[in-house]
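S.K.: I am attaching a structure below and will ask some questions about it afterwards.
Every read-out reported here was derived from the displayed coordinates using simple, explicitly stated rules and does not represent laboratory data. Being a predicted model, the structure only gives us computed values, none of them experimental. Every residue, glycine among them, receives a Cβ derived from its backbone with ideal geometry; neighbour counts consider all protein chains shown.
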Amino acid sequence: MARYTGAVCRLCRREGEKLFLKGDRCYSDKCSVSRRNYAPGQHGQGRKKNSEYATQFRMKQKAKRFYGVLENQFHSYFVEAERRQGVTGENLLRLLETRLDNVVYRLGFASSRKEARQLVLHNHFTVNGKKVNIPSYALKAGDVVAVKEKSLSSEKIKSVLEANSARPVPQWLDKNLDAKTGKVINLPNREDIDTPVEESLIVELYSK
């Protein structure tokens, strides 16, 4: 399975803002964006004037890095978003938001999307009572995500759940803290998604 294995803090610095890829570290003084708020590399501090294409490209890069998706898969999501009825940009974000790893993160069952992906791969969650270990699994309205009963005894899971118990949950999700479950009430609308991207720029890029 292809995945990015480099330093994730470089990704945040390249986009010039926090993408919250390392959990608690992103909120501390150790955050690389707070310490070195310029692009990595020897020319990172140079002045650059972005073209229209560069602006669109950077927005696409930010979105796929935000959700931890690689290029081919991100393009597949765009093709699917374009095929569906409605606004393509909103469809794209909705597809990314309803990935299982993202919902696990949104529910506060993981400190970052990267950690959520790892926990899903290690079989710590069920969907509607059935084991699912595919991070990209697409959730639908009415689906219930739960921490496996066996995993509740894991010290790792206990610490993660405790550390993120107070994180706000989006309105399109319903979290039962005691049962360690979360339900997809409805698919998110654009106003429900706080991802800091301008999806119209991504649509313009792929439409060239």
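S.K.: Along its three principal axes, how long is region 68-208 when you only count alpha carbons? Whole Å, largest extent first please.
M.R.: Its Cα atoms span 51, 27, 25 Å along the three principal axes.
S.K.: I'd like to compare 131-142, 106-117: which one has the highest average count of other Cβ atoms within 10 Å, and what's the full order after that? Could the numbers behind the result be given before it?
M.R.: Values: 131-142: 14.7, 106-117: 23.3.
Peptide ranking by packing, descending: 106-117, 131-142.
S.K.: Just need the relative contact order of region 99-187 here, percent rounded to a whole number, with Cα pairs under 8 Å and 6+ apart.
M.R.: Relative contact order, region 99-187: 31 percent.
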